[in-house]
Amino acid sequence: MNAKGIVFKYGDNVDTDVIIPARYLNSSDPAELATHCMEDIDKEFVKKVQKGDIIVAEKNFGCGSSREHAPIAIKAAGVSCVIAETFARIFYRNAINIGLPIIECAEASKGIDAGDEVEVDFDSGMIYNRTKGTEFKGQPFPEFMQRIIAEGGLIPYINSQK
Amino acid sequence: MGMTMTQKILAAAAGLDKVEAGQLIEANLDLVLGNDITSPVAIKEMEKMKVNGVFNKDKIALVPDHFVPNKDIKSAEHCKCVREFARRNEITNYFEVGQMGIEHALLPEKGLTVAGDVIIGADSHTCTYGALGAFSTGVGSTDMAAGMATGKAWFKVPSAIKFNIVGKPDKWVSGKDVILHIIGMIGVDGALYKSMEFVGEGIANLSMDDRFTIANMAIEAGGKNGIFPVDALAEEYMKEHSTRSYKIFEADEDAIYDEEYTIDLSSLRPTIAFPHLPENTHTIDEITEDIAIDQVVIGSCTNGRLDYLRIAARVLEDRHIAEGMRCIVIPATQAIYLQAMEEGLLKIFIEAGAIVSTPTCGPCLGGYMGVLAEGEKCVSTTNRNFVGRMGHINSEIYLASPAVAAASAITGKISSPYELDM
């Protein structure tokens, strides 16, 4: 499985309140949440994002609230992968559980800029910056998490165990 | 190699003699929690599962608290979804408006969380129950759904940071100052994926409410959980509030910690986190310029408990808030509200010019009941000061203790009770 797209780049500590502000949490509809994704940090994001695009950030992406609405909004906006130096732990769990691919890679976080075209190979964990001609090795998931992702998230994984 | 308190609880819940940091385990759950924001998503996910209902109707707690009493039609629909699910599945611990409170104040008060428990909640501040010696951690809605259906959750066993607490705090220093000091020291990702284990003789000088506040904000340092040893005070609390039996786990002498810090409570000063991260801390003495504020919020799962209403009332008694100030006081549960009324605290608040609200998370996350306009500044006893958290993206939140919040409401600028000659 691969992801390929144009990069939106953010810094440290992108919190779930800017990914999807709580004023929109009176809805749980993915399509509606997607229309407000990243609104408080980047008003241009929803206007520009194309299916397959990639978010690259620095440390502690997704910190704050446990709202699953955050990875849901990102996925529903069309983002194919989030790459960060580190992820906040609840966001990390939630992303795996809903089937939003994420990869931890400090070097990629430093070596990729906004607007770069990036391709990710989830099987090998390789990240290719097609614009700059560079490549990075991301942190692969433990086998257990790979099984959850392969099933498409936690619920299908549990269903498959029965 | 020994185990930490957290590792021992997780090992027991997984039916293992021993676990080590990094190990993936499946643990049995004692309680699964959700609120009106996260439960509707979980309920939708659970419907996709091949199950006929919940694993145990007594071990699920549903607490609509974020946008209740319903703030708008969409919120009302969410609450209705949770209410109907609770009814359909005969959930014992569903708390309707009138019985509810802010979830993390309510559950310990109702005796639903005790030492040794493994608890997941679809709310990041679920880590609060570590104050009672439980392992509790925030998860998302899908984990909540799986937990409700199966009574199990997977965890990566965390490594730990040890905080050795010594000394006795000054009278205007409380749990909030302790945890803000720690977050300022280690940063908002300083405990990422780890448990924060608080130990030491100084814990005896922290009230249960202080311990709830400290454990509550472990997530603000990125922590998986925060946990305290169970002492006589914690046992007394559990006996008073719960009929459930509890199990005390202690860390092994040779438990491994990634880092160790000593926190001397006697050296702490009222501490304030400036916009827009909880790690941007300054002590009151380091603030040299006047910072004028528009609003004060005293409440939340962090600071809405009785100790703190008493502290705020002590500061506000026979005084009046500054002209143009809005001061919003939110007792965290109905029981706290009632007790505050009987003690005369609500009268003090109202006479000082504050308002007193029914229990709600509302203003903390910019939902309702105190949303900020562009350019406004708020001193809040809540837990997050991210961009836009309480309203407009150009508003500012200063996180502080109830003592600082109440003093600031009086002077109209960031202040401590010391400035009021208290």
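The values are calculated or read from the model by the stated rules, or taken from the named source; none is laboratory data. Everything numeric here is computed off the predicted structure, so don't read it as measured data. Positions of Cβ are backbone-derived with ideal geometry, glycine not excepted, and every protein chain shown enters the neighbour counts.
When region B:144-186 is examined, which residues are found to be of a type in the set (Lys, Arg) and either surrounded by 19 or more Cβ atoms within 10 Å (Cβ to Cβ) or in a strand (DSSP E or B) (or both)? If you could, list the steps in order and put the result at the bottom.
Taking region B:144-186 first, the residues of a type in the set (Lys, Arg) are B:152, B:156, B:162, B:168, B:171, B:176.
Selection gives B:LYS152, B:LYS156, B:LYS162, B:LYS176.
Given the structure, is A:TYR128 without any contact (Cβ under 8 Å) to a residue 40 or more places away in the chain, within 14 Å of chain B (Cβ to nearest Cβ) and either touching a strand residue (DSSP E or B) at 6+ places or on another chain (Cβ under 9 Å) or hydroxyl-bearing (Ser, Thr, Tyr) (or both)? If you could, list the steps in order and put the result at the bottom.
Working: without any contact (Cβ under 8 Å) to a residue 40 or more places away in the chain: yes; within 14 Å of chain B (Cβ to nearest Cβ): no; either touching a strand residue (DSSP E or B) at 6+ places or on another chain (Cβ under 9 Å) or hydroxyl-bearing (Ser, Thr, Tyr) (or both): yes.
Judged against the criteria, A:TYR128 is not a match.
Look through B:THR302, B:THR288, B:THR281, B:THR360 and report the one residue that is within 14 Å of chain A (Cβ to nearest Cβ) and either touching a Lys or Arg at 6+ places or on another chain (Cβ under 8 Å) or over 25 Å from B:VAL68 (Cα atoms) (or both).
Numbers: B:THR288 fails: within 14 Å of chain A (Cβ to nearest Cβ); B:THR281 fails: within 14 Å of chain A (Cβ to nearest Cβ); B:THR360 fails: either touching a Lys or Arg at 6+ places or on another chain (Cβ under 8 Å) or over 25 Å from B:VAL68 (Cα atoms) (or both).
Checking each option against the conditions leaves just B:THR302.
Before we move on, is B:ARG384 within 14 Å of chain A (Cβ to nearest Cβ) and crowded, with 24+ Cβ neighbours inside 10 Å?
On the way: within 14 Å of chain A (Cβ to nearest Cβ): yes; crowded, with 24+ Cβ neighbours inside 10 Å: yes.
Answer is yes for this residue.
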Within region A:108-145, the residues that are more than 16 Å from the chain's Cα centre (by Cα) and over 24 Å from A:VAL49 (Cα atoms) are A:ASP123, A:SER124, A:LYS137, A:PRO142, A:GLU143, A:PHE144
Which numbered condition in (1) of a type in the set (A, V, I, L, M); (2) over 24 Å from A:ALA84 (Cβ atoms); (3) surrounded by fewer than 23 Cβ atoms within 10 Å (Cβ to Cβ) is the only one that B:LEU192 fails? (2)
I'd like to check something: does region A:15-35 contain any residue that is at positive phi and either at pLDDT 95 or above or surrounded by fewer than 24 Cβ atoms within 10 Å (Cβ to Cβ) (or both)? no
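Yes/no per residue for (1) among the basic types (Lys, Arg); (2) crowded, with 24+ Cβ neighbours inside 10 Å; (3) closer than 21 Å to B:ILE321 by Cα; (4) modelled with pLDDT of 95 or more:
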{"position": "B:MET341", "(1), (2), (3), (4)": "no, no, yes, yes"}
{"position": "B:GLY353", "(1), (2), (3), (4)": "no, no, yes, yes"}
{"position": "B:THR360", "(1), (2), (3), (4)": "no, yes, no, yes"}
{"position": "B:HIS392", "(1), (2), (3), (4)": "no, no, no, yes"}
{"position": "B:GLU396", "(1), (2), (3), (4)": "no, no, yes, yes"}
{"position": "B:ILE410", "(1), (2), (3), (4)": "no, no, yes, yes"}
{"position": "B:ILE414", "(1), (2), (3), (4)": "no, yes, yes, yes"}
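Name every residue in region B:106-125 that is under 21 Å from B:GLY222 (Cα atoms) and either in a loop (DSSP other than H, G, I, E, B) or away from every other protein chain (no Cβ under 14 Å) (or both), in order of residue number. Spell out the reasoning first.
Initially, region B:106-125 is screened for residues under 21 Å from B:GLY222 (Cα atoms), giving B:118-125.
B:VAL118, B:ALA122, B:ASP123 - these are the residues of region B:106-125 that are under 21 Å from B:GLY222 (Cα atoms) and either in a loop (DSSP other than H, G, I, E, B) or away from every other protein chain (no Cβ under 14 Å) (or both).
Scanning region A:36-51 for residues that are surrounded by 15 or more Cβ atoms within 10 Å (Cβ to Cβ) and either out of contact with any Asp or Glu (no Cβ under 8 Å at 6 or more places or on another chain) or more than 27 Å from B:GLY222 (Cβ to Cβ) (or both), which turns out farthest from the other protein chains (Cβ to nearest Cβ)?
This residue is A:VAL49.
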Scanning for something among the polar types (S, T, N, Q) and on the phi > 0 side of the Ramachandran plot, does region B:293-301 turn up at least one residue? yes
Hey, among the residues in region A:94-125 that are within 14 Å of chain B (Cβ to nearest Cβ) and small (Gly, Ala, Ser), which one's surrounded by the fewest Cβ atoms within 10 Å (Cβ to Cβ)? A:ALA106
Need pairs with beta-carbon distance below 8 Å; first residue within 9 Å of chain B (Cβ to nearest Cβ) and more than 14 Å from B:SER75 (Cβ to Cβ) and within region A:21-33, second of a type in the set (Asp, Glu) and surrounded by fewer than 23 Cβ atoms within 10 Å (Cβ to Cβ); sequence gap 6+ or separate chains. A:PRO21/A:GLU39; A:PRO21/A:ASP40
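Give me the residue from region B:126-153 that is of a type outside the set (Val, Ile, Thr) and facing chain A (nearest Cβ under 7 Å) and, out of that set, nearest to B:SER39 (Cα to Cα).
Out of the qualifying residues, it is B:SER141.
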Taking only pairs six or more apart or across chains, which ones have beta-carbon atoms under 7 Å, a first residue in region B:405-422 that is outside the structural domain of B:LEU309 (by TED's automatic domain parsing), and a second residue that is charged (D, E, K, R) and not in a strand (DSSP E or B)? none
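So, of the residues in region B:65-74 that are closer than 15 Å to A:SER28 by Cα and crowded, with 24+ Cβ neighbours inside 10 Å, which turns out to be farthest from the chain's Cα centre (by Cα)?
Restricting attention to region B:65-74, the residues satisfying the condition of being closer than 15 Å to A:SER28 by Cα are B:66-67, B:72-74.
From what is left, the residues that are crowded, with 24+ Cβ neighbours inside 10 Å are B:66-67.
Working: B:HIS66: 13, B:PHE67: 17 Å.
So the residue we want is B:PHE67.
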Within 14 Å of another protein chain (Cβ to nearest Cβ), within 22 Å of B:ALA134 (Cα to Cα) and aliphatic (A, V, I, L, M) - does that describe any residue in region B:87-105? no
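Going by the conditions given, is B:THR137 part of a helix (DSSP H, G or I) and β-branched (Val, Ile, Thr)?
Details: part of a helix (DSSP H, G or I): no; β-branched (Val, Ile, Thr): yes.
Spelling it out, it is not the case that B:THR137 is part of a helix (DSSP H, G or I) and β-branched (Val, Ile, Thr).
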Just one of the numbered conditions (1) farther than 30 Å from A:GLY11 by Cβ; (2) assigned by TED's automatic domain parsing to the domain that holds B:GLY344 is not true of B:GLU279; which one? (1)
For the subset of region B:37-70 comprising residues that are more than 25 Å from A:PRO21 (Cα to Cα) and among the β-branched types (Val, Ile, Thr), which member is nearest to the other protein chains (Cβ to nearest Cβ)? B:VAL51
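Strands (runs of 3 or more DSSP E) wholly in region B:202-285 with at least 3 residues that are of a type outside the set (A, V, I, L, M) and over 21 Å from the mean Cα position of the chain (by Cα) - which ones? Full working, then the answer.
Numbers: elements: B:225-227, B:259-264, B:271-273, B:281-283.
Filter on region B:202-285 gives B:259-264.
Condition first: aliphatic (A, V, I, L, M), over 20 Å from B:GLY370 (Cα atoms) and not in a helix (DSSP H, G or I). Now tell me which residues in region A:8-48 satisfy that. Full working, then the answer.
So the first thing to find is which residues in region A:8-48 are aliphatic (A, V, I, L, M), and the list is A:14, A:18-20, A:22, A:25, A:31, A:33-34, A:38, A:41, A:46.
Now drop any that are not over 20 Å from B:GLY370 (Cα atoms), which leaves A:14, A:19, A:31, A:33-34, A:38, A:41, A:46.
Hits for region A:8-48 are A:VAL14, A:MET38, A:ILE41.
Look at A:SER66 and say whether it is within 24 Å of B:SER195 (Cβ to Cβ) and within 11 Å of chain B (Cβ to nearest Cβ).
The answer is yes for A:SER66.
Report, by residue number, each residue of region B:286-322 that is part of a loop (DSSP other than H, G, I, E, B), in contact (Cβ under 8 Å) with a residue 60 or more places away in the chain and charged (D, E, K, R).
Hits for region B:286-322 are B:ASP290, B:ASP294, B:ARG305, B:ARG319.
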